[in-house]
Every structure is written in C-alpha cells, then in structure tokens.
1. In the stretch 26-72, which residues are surrounded by fewer than 16 Cβ atoms within 10 Å (Cβ to Cβ) and of a type in the set (D, E, K, R)?
2. Which of the residues belonging to the stretch 149-205 are among the polar types (S, T, N, Q), surrounded by 20 or more Cβ atoms within 10 Å (Cβ to Cβ) and either assigned by TED's automatic domain parsing to the domain that holds Val25 or part of a loop (DSSP other than H, G, I, E, B) (or both)?
3. Among the residues of the stretch 119-136, is any over 29 Å from Phe153 (Cα atoms), acidic (Asp, Glu) and not in a loop (DSSP other than H, G, I, E, B)?
4. Given Ala111, Ala184, Ala192, which one is at pLDDT 95 or above, more than 30 Å from Glu32 (Cα to Cα) and among the hydrophobic types (A, V, I, L, M, F, W, C)?
Amino acid sequence: MTDEIVLYTNPQSRGRIARWMLEEVGQPYRTEVIDYAAMKNPDYLAVNPMGKVPALTHRGVTITECAAICAYLADAFPEAGLAPAFDDPARGTYLRWMFFAAGPVETVVTAKSLGLLAPADKAGMVGYGSYEATIDALETAVSAGPYILGDRFSAADVYVGSQIGWGLMFKSIPERPAFAAYAARIMGREAATRARALDDAAAAA
C-alpha cells in the first residue's frame with residue numbers, strides 16, 4: 001500500500017474534473033496520461049475494467065467515476081475543507097446535488113444529445129423525469145448562494161460546476177443567467193485555472 005496519489009487521465013476527457021479536484025485538494029500526485037487507443041490494453045483494464053478515464057489510485061484503492069473521485073478526495077483530505085463533516089447537516093445538501101449531477105443531469109443531457117429522451121408518458125420510469133424538470137432543479141441548486149452550500153465552496157461545486165461548464169460549452173445545457181454566473185464564478189478559481197493549464201499543456205504535448 002502506498003500513499004502516492006496517481007491520476008490516470010486524458011486531457012480531452014472527464015479527467016479534467018479529477019485534475020481540478022486534485023488541485024483544490026493541494027496534495028502531490030502523479031499523472032499517467034492514457035491515450036484513447038491504450039485504454040483497452042490489459043495493463044489499463046487492470047486499473048479500470050471499463051477502459052475509461054479518469055481513474056485514481058491511493059492507499060491500495062482504485063476509484064473511478066468523477067463524482068466518486070471528488071467525494072473520495074474531499075473525505076481523504078479533510079484539511080482542504082472541501083466537504084462538510086459527517087455530522088454536519090450540510091452534508092446532506094452536498095451529497096444531494098453532487099449525485100444529482102452525476103445521475104439525472106448527466107443522464108438527461110446525454111439522452112437529449114443522442115435524441116433518446118424518454119417520451120412524456122414514460123417520464124415516471126426514468127430517474128430524470130424530463131429534461132426541463134432536471135434543468136430547473138439544477139438551476140435551483142446554483143441559485144441559493146455563490147456556491148452549492150451557500151458561502152462555502154466544496155467538492156460538489158467542482159463536479160456540478162464542471163457539468164454546467166461543459167453543458168454551456170457544448171450547448172447541451174441552456175444558457176440561463178444563473179448557470180452562466182455560477183460557471184464564471186467557480187471556473188475563475190486558482191485551482192481551476194492551474195488544472196486547465198496542466199491539461200492544456202498535456203493535450204498540446
């Protein structure tokens with residue numbers, strides 16, 4: 001078992017979310033850039049059987065899925081102050097919106113982009129209900145304060161903010177004022193700027 005943090009990523013992937021989270025945490029980590037052609041190689045499939053990035057290893061554990069990576073790092077390094085304590089009622093709000101973004105938001109945005117939204121008479125069968133209902137709820141999450149937890153930035157903002165930022169970029173989330181203001185607020189953070197610079201340099205290389 002080692003305390004070394006290793007990030008397996010590609011700069012043109014959701015790995016950018018994990019990179020940003022690592023920069024917020026402020027702990028040293030090593031980066032392994034995986035080409036898309038190599039993601040199905042046996043060596044990498046031993047890390048993530050899905051053959052996708054990002055993945056993170058730490059203390060003998062492998063974590064995949066961006067929301068899980070964000071939640072794990074926030075709890076593993078509480079000194080960074082990126083998650084409410086286990087006995088803090090705000091933890092419920094924190095978990096609610098992080099996993100709302102990982103579940104209904106990502107699912108409905110992908111379904112809409114592929115033209116596979118559930119018909120209205122089947123809305124009760126899908127977790128997102130409808131595209132409009134999911135987007136309205138997401139707007140509620142980012143309208144209560146500067147951040148998901150009001151005045152306090154957290155790992156939920158890293159994940160939710162990344163989903164909104166990409167959604168605005170690719171036009172899969174509507175350009176509502178609340179989304180634009182929220183994205184601008186969090187993307188200007190020093191850690192977010194550092195993470196983008198690192199990934200942009202890796203992409204150029």
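1. Those that are surrounded by fewer than 16 Cβ atoms within 10 Å (Cβ to Cβ) and of a type in the set (D, E, K, R): Arg30, Glu32, Asp35, Lys40, Asp43, Arg59.
2. Across the stretch 149-205, the qualifying residue is only Ser154.
3. yes
4. From the options Ala111, Ala184, Ala192, the qualifying one is Ala111.
The values are calculated or read from the model by the stated rules, or taken from the named source; none is laboratory data. Since we're looking at a predicted model, the values are computed, not measured. We place every Cβ from the backbone using ideal geometry, glycine too, and count neighbours over all the protein chains shown.
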